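Input: a single structure, listed below in structure tokens.
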Amino acid sequence: MQLSLKNSIGLIPAAGRGERLGFPFPKELYPVIENNQYRPVSHYILENMIEAGVKHISIVINDTKHQLIKYFGNGNRFGCDISYVVQELRKDDLHITRTPGLAEAMDTPYHLTKDKIVFFGMADTIIRPTNFFKIASEKLADDVDVLLCLFHTDRPEKAGMVRLDEENWVHKIDDKPIKTDLEWMWGAMIWKPVFTNFFHSCIHTKQISDYAQIFNSAIDSGIKFKGVGFENGKYLDMGTYNDVLRLGKWLKN
């Protein structure tokens with residue numbers, strides 16, 4: 001069954017402070033030079049979604065990311081509509097201000113995503129093939145609630161590694177294992193409203209803020225996760241300075 005995109009939305013979290021890299025600009029705007037053209041790294045995942053036919057994309061930002069808004073604008077010049085949702089700082093039980101994590105960023109635009117098919121990807125990643133979302137969306141069948149786009153990695157200690165059966169049903173996410181025999185990591189996702197609502201409940205009712213714990217709880221509850229592997233696909237996470245140093249070589253391979 002081919003997925004209808006009339007009720008879909010893209011979700012790109014870009015609310016991190018980027019303190020590890022220390023750039024004088026948001027890390028999502030790190031300049032990538034390819035084929036004598038410049039684009040910021042966050043432009044790649046946006047294009048992946050647009051190529052799949054997604055027309056509305058929500059970018060989650062913090063209150064300092066004005067440069068992202070300036071670059072992407074309302075999305076008109078990219079052929080989509082862009083909505084920005086601000087992720088606010090939270091205070092813990094001791095009233096200490098803290099930066100929310102990935103799970104909370106994924107839930108922040110709930111008012112936009114709760115009734116939609118969600119295409120989710122990270123703002124600091126480059127993924128090949130460029131049409132991977134389009135390929136994956138064609139595999140989101142009636143009996144699949146969450147579809148994980150899977151890639152090989154040489155750094156499982158930085159990734160969400162996926163435990164699959166022979167039919168590619170997902171049984172568990174092992175997040176950033178020091179050692180593993182698993183061969184696939186998830187790099188992006190497509191999910192249905194049943195998972196959006198489960199996720200929202202975990203964040204606000206159960207006070208769970210670890211995304212891997214939420215994923216595994218969803219699997220245990222009967223929400224159906226399936227993986228689609230891209231055997232010759234490529235995935236680069238630009239989250240650390242060492243990853244930035246790998247960029248030039250990665251683009252050539």
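The values are calculated or read from the model by the stated rules, or taken from the named source; none is laboratory data. This is a predicted model, so every value here is computed, not measured. Cβ coordinates were reconstructed from backbone atoms using ideal geometry, including for glycine residues, and neighbour counts include every protein chain displayed. The area values use the complete protein model at the heavy-atom level, side chains included, leaving out ligands, DNA and RNA. Shrake-Rupley method; radii C 1.70, N 1.55, O 1.52, S 1.80 Å.
Under a 5 Å amide H cut-off, with hydrogens placed 1.01 Å from N, residue 30 pairs with 41, 42 among residues at least 5 apart or on other chains. For the chain, the dipole from Cβ point charges (+1 on Lys and Arg, -1 on Asp and Glu) about the Cα centre works out to 720 debye, to the nearest 20. Karplus-based coupling profile of the range 133-148, in residue order and whole Hz: 5, 5, 4, 5, 4, 6, 10, 7, 7, 4, 8, 10, 9, 9, 10, 9, with θ = phi - 60° in 6.51 cos²θ - 1.76 cosθ + 1.60 and x standing for Gly or Pro. Here's the picture: charge each Lys and Arg Cβ at +1 and each Asp and Glu Cβ at -1 in the range 122-253, and of 162, 222, 189 the one pushed furthest to the positive end of that dipole is 189. Among residues other than residue 131 with Cβ under 14 Å from its Cβ, the summed charge is +1 (Lys and Arg +1, Asp and Glu -1). Taking Cβ atoms as reference points and 13 Å as the exclusive limit, the residues near residue 46 contribute a net charge of -2, counting Lys and Arg as +1 and Asp and Glu as -1.
Rounded to whole numbers, the Karplus 3J(HN,Hα) couplings from phi for the range 105-121 are 5, 5, 8, 3, x, 3, 5, 9, 9, 4, 10, 10, 6, 9, 9, 10, x Hz, using 6.51 cos²θ - 1.76 cosθ + 1.60 with θ = phi - 60°, and x at Gly and Pro.
In this structure the chain gives 50 Å² per residue of accessible area when probed at 1.4 Å with all protein chains present.
Here's the picture: charge each Lys and Arg Cβ at +1 and each Asp and Glu Cβ at -1 in the chain, and of 32, 122, 211 the one pushed furthest to the positive end of that dipole is 32. Taking Cβ atoms as reference points and 9 Å as the exclusive limit, the residues near residue 203 contribute a net charge of -1, counting Lys and Arg as +1 and Asp and Glu as -1. Cross-link partners for residue 116 among the lysines, with Cα-Cα distance under 21 Å and sequence neighbours closer than 8 places in the same chain left out: 6, 55, 134, 139, 192, 224, 226. Amide H to amide H distances under 5 Å link residue 124 with no residue, where only residues 5 or more positions off or on other chains count and H is placed in the peptide plane.
Loop-located chymotrypsin sites (Phe, Trp or Tyr not before Pro) in the range 35-72 (DSSP state not H, G, I, E or B) with no more than 15 neighbouring Cβ atoms inside 10 Å do not occur. For residue 234, the residues 5 or more places off, or on other chains, whose built amide H falls under 5 Å of its own are 128.
One quarter of the surface of the convex hull around the alpha-carbon atoms of the chain equals 13.9 nm², the direction-averaged projected area.
For the range 6-12, the Karplus equation 6.51 cos²θ - 1.76 cosθ + 1.60, evaluated at θ = phi - 60°, returns couplings of 5, 10, 10, 8, x, 10, 10 Hz by residue, with Gly and Pro reported as x. Solvent-accessible area of the chain (1.4 angstrom probe, protein heavy atoms only): carbon and sulfur portion equals 48 percent. Per residue, the average separation of C-alpha pairs within less than 8 Å and at least 6 apart gives the chain a relative contact order of 23 percent.
Only alpha carbons enter this Debye calculation for the range 124-249, each as an equal point scatterer, and the log10 of I(q)/I(0) it gives at q = 0.14, 0.18 Å⁻¹ is -0.63, -1.03.
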